[in-house]
Structure formats: C-alpha cells, structure tokens
Amino acid sequence: MQPSNLENSLVYLKGVGPKKAELIKKELGLETYAQLLAHFPFRYIDRTRFYKISELHEDYPFVQIIGRILAKDIIGDKHKKRLVIRFGDETGYMELIWFQAVQWAYDNLHIGKVYIAFGKASLFQQTFSISHPEMEVYPRQGNLKGNASLQPVYSSTEKLKKAFLDSKGIQKLVQVVLEQYAHEINENLPEYIRLKYKLVNKKEALSAIHFPKNALAFKQAQRRLKFEELFFIQLEMWHQKVQRERKFKGLVFSEVGPRLNLFYKEMLPFDLTNAQKRVIKEIRLDTQRGIQMNRLVQGDVGSGKTIVALMSMLLAVDNKAQACMMAPTEILAQQHFQSIQSLIKDDLVKVAILTGHTKKKDRDRILKALEIGEIDILIGTHALIEDRVVFHNLGLVVIDEQHRFGVEQRAKLWQKNAIPPHILVMTATPIPRTLAMTLYGDLEVSVIDELPAGRKPIETKHLVEGQRLRLFGFMRQEIAKGRQVYVVYPLISESEKLDLLNLETGVEQLRYHFPLPEYQISIVHGKMKNAEKNYEMELFISGKTQIMVATTVIEVGVNVPNASVMVIENAERFGLSQLHQLRGRVGRGAEQSYCLLMSGDKLNPVSKQRLQTMVKSNNGFEIAEIDLELRGPGDISGTMQSGVMELKMANLATDQAILQEARKTVIELFTQDPDLNNPSHAKLKYHLTRKARIIAYDKIS
Ligand code: ADP
Ligand code: MG
C-alpha cells in the first residue's frame, strides 16, 4: 500500500509545529492526520436555530439570539473592569458580559445595531446573561464554514485551551486536513458490503461527521462509521476464532456414558429446567465436533449453573478425560466442592479440592493422584493454574464467574493438555446479547433464562433513611423466625476511607439496635486479611451469626440458603447489575426473601429510576438491558473484564441493529472466504495481518 499523507505526523500540519504536536499527543493521544480525523466531535451546536429571549432556559447548552444592543457600560474599578451590554428582542431583555478585552468589545459593538449573540445562557436574579458571547452582525454574512448549520464541538483540555487548541482550534486543524487531503481518504470496507447496506463512502462520512451540511448527511455519516467500527471488531474476533479452530483440534466426547446416565437417572434430586436441558445439549454437540469448545453460559443467580457444570464434567469423565472447575474465591471453591460431593454418590467419580490453603501433605498427594489420572474432577481456585498442577488428561475446564479471570489465565489452562481442553465459562452477571457479542465475539453463548420451578420471587423495596427503625424492626422479626440478614455497604476505592467509616458507623448503630448476646454480627470487608474474612464467613454460613455486615466482597456466588434478607445501604451508589448480583444472595432457600434498598431521602431522577427498576424487575437480563441504557456500556464492561475495547461511535445500547448487520456480514464473509483470498477482501486481510495483536493463544503451541 502506498504511504499516505494522512499518516504524516501532526508536526507538519499548518498551524501546529513541534510544541503543539507534542501537546496534542500528550493530551489527546493523537499523532497523525488520520488520527486527528478520527477525533470525532462529541456534540454539535445547531446554528440554524435561533432562540427568543423569552424562550431561554438554563439547561440549554449553547444558544443564538438575534437582538439589538440597547445600552453598554463599563463598570467596576481598574482591576476588575467589565463590560455589560443590554441586549433585547421583541420578547425581552438580557445581558451580555465581558471580563476580558473589555475596551475592545466596547469599541466594536454598537448601540442600536442588530447582532447574533451566541453562547451559554445562565440565569442570575431573574435575568439571563451570556459571558463572552460570540457576536456576529445580523444579517449573517455569506456562508461561514461550519457556522451555517451544525457546528462541531471537540473535546479539549485545559492545557490545550491555553495553547489555543480549544474546540474551535481543533476544528480549524481538522478543516485544514480535510481541505488538503480528503482525496487521500481510502475506503476500507469492501464495495459490495458498502452497497448492500447503503453506506456512504469513508471520505464522505469523515467529512460529514466533522462538518455535516444537514441532518441527513450527519445521520448517514454516523451510520457508516458505526457500522465500520462494529464490523472491524467482529472481523478481528471472528478471525481469531477461525484461526483458533484451525490450529487446535478438540477432544471428541462421543459417548454419553455410564456415569452421566447413572447420575441423571438416580442421583439428580430434581427435574432439570428446560433451559438447563437445552444448554447441556448445546455442550454435548459442541464437544463432539472435534473442535475445541469455548462456550459462555450466562444464567441469572440461582438459575442452576452448578448442575450444568457437574453434568458436563461427568460427560468428560465418561470420555476418559479429567475435568476441573475453577472458582474465584476459596469460599466458593469450598461450596462447589461440598455441593458436588453431596450430589454424587457411591464413588461415581473421584472429586478433590485444591486451593491456596490446601496443606502441603494433602497437596502433594492430590497432585500425584491427578497426574496419574486417579482424580476425575478437581475443584479449586487460581491455584489450579499453577505450573505444578499437572493433569493426566484434562478434557474440560469450567470457569465459574468469568469476570474474575482474564484471557491470559484462560490460556494457561489451555496449555495443560496436548489437545487443549474444552472451556466452559459460567457467569451470573447477565450481559445483554449485544454486549456479549462484542465482548465475547469469539465465544459461543448459552443462556439459562429460566429459574427452577417453585422459587418465590424476592420482594424488593426501596426505603429511605426516615424508615430505618422500621427496617430494624423487620430485621428483628425475620431473625426471630431463625433467618439471617446481610447488610451491605458500598466500597468504592476513591472514597475508601469514608466508606469504611460509613461501615463502621453502621456497625455501631446495628450493635446498639441488635445487642449481644441475643444477636451476633459478622463483619467482612476488603481491608481484612483473607483468613479473618474466611473465619467470619464461616460463622455466618454455619448460622452462628445472624447478621453479616459486608462490603461487596460477598457479591459473587456465596450460598447461604438460610439468609432471607438483603439490606443494601447507599443503594444509589451501586450499579444495577451489582445490585441484582447482591440481591441474588438471598432467595436461595424455600423462604420468602426480601431485598431492601436503603438510600438518602433526596435522589436524582436517574438514581430513582434505577432503584425503581430493581423494585419492579427480578429478571437479570432485563435489568442488564436497562443498566446498559442508563449507564452506557463502559461501566458494565469494566466490571466484566479488563482490557475491553472502547467504542468511539457506536453505542451498544442503541445500535443493536447495526451490530447485528455487522456480525452477520462478518460471518458470511468468513464462511465464503475463510482465508480472505478474494480480491475484494484484500484490504481486510492486510488489516488483520497488520493488526496481528498478541493474542493469548498465539503464545501457546
Ligand atoms: P447458580 O446458577 O446461581 O450457580 P446454583 O447452581 O447454585 O445456581 O443453584 C441454585 C440452587 O438451585 C441450588 O440449591 C440448586 O440445587 C438448585 N437447583 C438447580 N437446578 C434446579 C432445578 N432444575 N430444580 C430445582 N432446583 C434446582
Ligand atoms: Mg453459582
């Protein structure tokens, strides 16, 4: 490919130079002309619309008003001079104010003349004013570029502004690049795809996204750039998947053998839900293909993922392979171990547990047994990843609560067998389908979207501080019935000290209202040592304490069926998905359970809406969708896995249709031309080789 001027360093751009180029790089991360063109405006100001003074509102971002200058005065002393202009139209008066260049403005703006004033209006003592408005003589002269219609606004920083690179300054640079080099902007989508989806070409799109001539041009540009962004993400992911499937054969689990059958017929304590059956079938099909399975199972809390994991592991064992299951914490590993032990009978399979706390003697014995294939199923924590853990024939890895494990760690497990084991990832953090497709484009996704029959839905209520005594009364009532209660506090690193203080004050208050010896309280927070945490958890799990005060460390997976009340303090500070996770800690037994969301009396509308969503819905997927709409995907993906891409253009909440199109296009493309040998795919192929990111599984072989 020919070197393009667009790859030039910004140093060479008219009006930039080394100093500014350095600053732009530091502040915005932009180095080349092309990168500057990809620095899209974050909003636009509509300069086709004029406001009357009587229509003004403080919430409007920027407005332009046609009016006449009625009076002008310089007031204040020598050091603090300001110019105040009285500006009026047929609906009222307002003030225009200058604190700088006061004399210059005074001399150049004339009483009696009509101007267009442009700026942000604010209200002070019943009067609207604009500080340092942009002034233009009315009627507007000619067709100033960018001023006639939608004017772009770019993000900038204080340092950039000092170097005259505010939004306006950046706009000028973009303009220069477009004027001189627009003809060098190359199309990067295959023509047939562009035509099929009626997408404007790249050059048109980039010009219009910076300087849209009208709303239609803007919409078309936006659609094209969103498609492109999502298309390339999908392309990279699907490419990785195709490569991986070629490189790695998978173990073939051809049999449903004696163990799985016996378990199903004689040990399963309940009927599987249809959703569980469907997912097990999907796993069965996946593991027969001779290709490594990489499947994500999403299921709301309490949907019964453990049994699916266990049955998959039995399938592996029936096919002469070992299986392991990895949990994010010691407590969870213990719980899995115990619940699996209690489900299987008569030495159906040999199960062991290995964690960081396993004693050396036991560990040595387990490791030896594992290596010669005497252990069928190994449950554990991160400890399973360690190099000294050697399997005889590892066929299936189950990872519970995916988001605590990175891709790197997944890859380490792959290495534990000559033919990489099948991977089953389980998560209780429901992610909307669109997000799943983007984050885990290379994983197949199964969904357990049904809870076992007979569950009583958790009752959720939103209470404010004024109702606290009622809350305590209710807690006492439940504890009197023999139930247990969680009280959870937020702990967000920025204000960790303050939060801890909150928690401590909360505990004091609880101790006062729930005195010893009648009531026992456990406390678990992030600042405690692991051993202490485990000790306190154990007290609660075994029912020796009735109240568990905790920060979000208990969020994931803990199972105490006797706990029936979840109190969440400062609930407005949690994300929706997190609240739902926490709520899932109760409702695990036969009892009616409750989730009580405590908040201050005053809440902003969004917080209120979020808590109302929790009150109304018990469905994790529904909540995740709403969360995505209210917060945007950044926050959600942040809690899922680090290193997730950030989208510049597309919005996963609102652009589902475009994402579907992009994904469909990519899948078709690879089905027809897996090596991208078709000339119309040459550029895509080039893109992928150039991109060749370090992918975890490229490191193994
Ligand atoms: P999670 O998906 O949150 O990991 P678990 O696997 O811990 O859920 O299951 C929650 C509870 O539901 C467990 O006590 C489990 O035994 C029970 N359970 C699972 N599947 C069913 C079913 N099909 N019918 C009745 N109870 C079930
Ligand atoms: Mg679970």
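The values are calculated or read from the model by the stated rules, or taken from the named source; none is laboratory data. Every value quoted in this text rests on a predicted model; they were computed, and no experiment measured them. Methodologically, a virtual Cβ is constructed for each residue, glycine included, from the backbone with ideal geometry; neighbour enumeration extends over all protein chains shown.
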Seminar exercise, completed: Considering residues that are among the charged types (D, E, K, R), within 16 Å of ligand 1 (Cβ to nearest atom) and under 36 Å from the mean Cα position of the chain (by Cα), the number found within the stretch 226-272 is 1
For this session: Using the structure shown, decide if residue 275 is of a type in the set (A, V, I, L, M), part of a helix (DSSP H, G or I) and within 16 Å of ligand 1 (Cβ to nearest atom).
Result: yes
Exercise. Cβ-Cβ below 7 Å, separation at least six or inter-chain, first residue in the stretch 212-224 and over 15 Å from residue 41 (Cα atoms) and small (Gly, Ala, Ser), second at pLDDT below 90 and in a helix (DSSP H, G or I): which pairs?
Worked result: none
Problem set entry | the stretch 414-460: number of residues that are modelled with pLDDT under 80 and within 13 Å of ligand 1 (Cβ to nearest atom) | 5
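Here is a yes/no grid of residues against (1) surrounded by 17 or more Cβ atoms within 10 Å (Cβ to Cβ); (2) in a strand (DSSP E or B); (3) at positive phi:
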site: 6; (1), (2), (3): yes, no, no
site: 15; (1), (2), (3): no, no, yes
site: 34; (1), (2), (3): yes, no, no
site: 45; (1), (2), (3): yes, yes, no
site: 49; (1), (2), (3): no, no, no
site: 60; (1), (2), (3): no, no, no
site: 68; (1), (2), (3): no, yes, no
site: 83; (1), (2), (3): yes, yes, no
site: 94; (1), (2), (3): yes, yes, no
Exercise. When you scan the stretch 338-367, how many residues do you find that are under 11 Å from residue 381 (Cβ atoms) and either modelled with pLDDT of 95 or more or within 16 Å of ligand 1 (Cβ to nearest atom) (or both)?
Worked result: 2
For this session: Return yes when residue 290 is in contact (Cβ under 8 Å) with a residue 12 or more places away in the chain, within 14 Å of ligand 2 (Cβ to nearest atom), surrounded by fewer than 24 Cβ atoms within 10 Å (Cβ to Cβ) and at positive phi and no when it is not.
Result: no
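Condition check ((1) under 29 Å from residue 453 (Cα atoms); (2) modelled with pLDDT of 85 or more; (3) not hydrophobic (A, V, I, L, M, F, W, C)) across all residues:
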| residue | (1), (2), (3) |
| --- | --- |
| 496 | no, no, yes |
| 514 | no, yes, no |
| 517 | no, yes, yes |
| 545 | no, yes, yes |
| 564 | yes, yes, yes |
| 576 | yes, yes, no |
Exercise. Across the stretch 214-261, what is the total count of residues that are outside any helix (DSSP H, G or I) and either surrounded by fewer than 19 Cβ atoms within 10 Å (Cβ to Cβ) or modelled with pLDDT of 95 or more (or both)?
Worked result: 8
For this session: Mind listing just one residue for me: the one in the stretch 507-540 that is within 31 Å of the chain's Cα centre (by Cα) and in a helix (DSSP H, G or I) and, of those, farthest from residue 481 (Cα to Cα)?
Result: 530
Seminar exercise, completed: The condition from (1) crowded, with 16+ Cβ neighbours inside 10 Å; (2) closer than 30 Å to residue 672 by Cα that residue 173 misses is numbered (2)
Problem set entry | Residues of the stretch 285-332 that turn out to be part of a loop (DSSP other than H, G, I, E, B) and either near ligand 1 (Cβ under 9 Å from one of its atoms) or under 25 Å from residue 373 (Cβ atoms) (or both), as a count | 15
Exercise. So which residues in the stretch 201-213 are surrounded by fewer than 19 Cβ atoms within 10 Å (Cβ to Cβ) and outside any helix (DSSP H, G or I), if there are any at all?
Worked result: 201, 213
For this session: Please give the number of the condition residue 367 fails out of (1) aliphatic (A, V, I, L, M); (2) more than 16 Å from ligand 2 (Cβ to nearest atom); (3) in contact with a helix residue (DSSP H, G or I) (Cβ under 9 Å, 6 or more places away or on another chain).
Result: (3)
Exercise. Scanning the stretch 442-468 for residues that are within 16 Å of residue 595 (Cα to Cα), more than 29 Å from the chain's Cα centre (by Cα) and more than 16 Å from ligand 2 (Cβ to nearest atom), which turns out surrounded by the most Cβ atoms within 10 Å (Cβ to Cβ)?
Worked result: 467
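So that you can scan it fast, the table gives a plain yes or no per residue for (1) touching a strand residue (DSSP E or B) at 6+ places or on another chain (Cβ under 7 Å); (2) buried (at least 20 other Cβ atoms within 10 Å of the Cβ); (3) among the small types (Gly, Ala, Ser):
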position: 307; (1), (2), (3): no, yes, no
position: 338; (1), (2), (3): no, no, no
position: 346; (1), (2), (3): no, no, no
position: 351; (1), (2), (3): yes, yes, no
position: 357; (1), (2), (3): no, no, no
position: 368; (1), (2), (3): no, no, no
position: 390; (1), (2), (3): no, no, no
Exercise. Which one is surrounded by the most Cβ atoms within 10 Å (Cβ to Cβ) among residues in the stretch 370-388 that are of a type outside the set (A, V, I, L, M) and part of a helix (DSSP H, G or I)?
Worked result: 382
Exercise. Restricting attention to the stretch 113-126, does a residue exist that is closer than 30 Å to residue 210 by Cα, touching a Lys or Arg at 6+ places or on another chain (Cβ under 9 Å), free of Cβ contacts under 8 Å to residues at least 60 places away in the same chain and not aliphatic (A, V, I, L, M)?
Worked result: yes
Exercise. Can you name the number of the only condition in (1) small (Gly, Ala, Ser); (2) touching a strand residue (DSSP E or B) at 6+ places or on another chain (Cβ under 8 Å); (3) outside any loop (DSSP other than H, G, I, E, B) that residue 543 fails?
Worked result: (3)
Exercise. Restricting attention to the stretch 580-606, which residues are of a type in the set (S, T, N, Q), surrounded by 16 or more Cβ atoms within 10 Å (Cβ to Cβ) and either under 24 Å from residue 449 (Cβ atoms) or modelled with pLDDT under 85 (or both)?
Worked result: 581, 593
For this session: Would you mind stating whether residue 609 is at pLDDT 80 or above, more than 16 Å from ligand 1 (Cβ to nearest atom), within 23 Å of the chain's Cα centre (by Cα) and of a type outside the set (Val, Ile, Thr)?
Result: yes
Seminar exercise, completed: residue 328 meets each of (1) more than 12 Å from ligand 2 (Cβ to nearest atom); (2) in contact with a Gly (Cβ under 8 Å, 6 or more places away or on another chain) with one exception, condition (1)
Seminar exercise, completed: The condition of being polar (S, T, N, Q) and within 16 Å of ligand 2 (Cβ to nearest atom) holds, among 243, 276, 220, only for 276
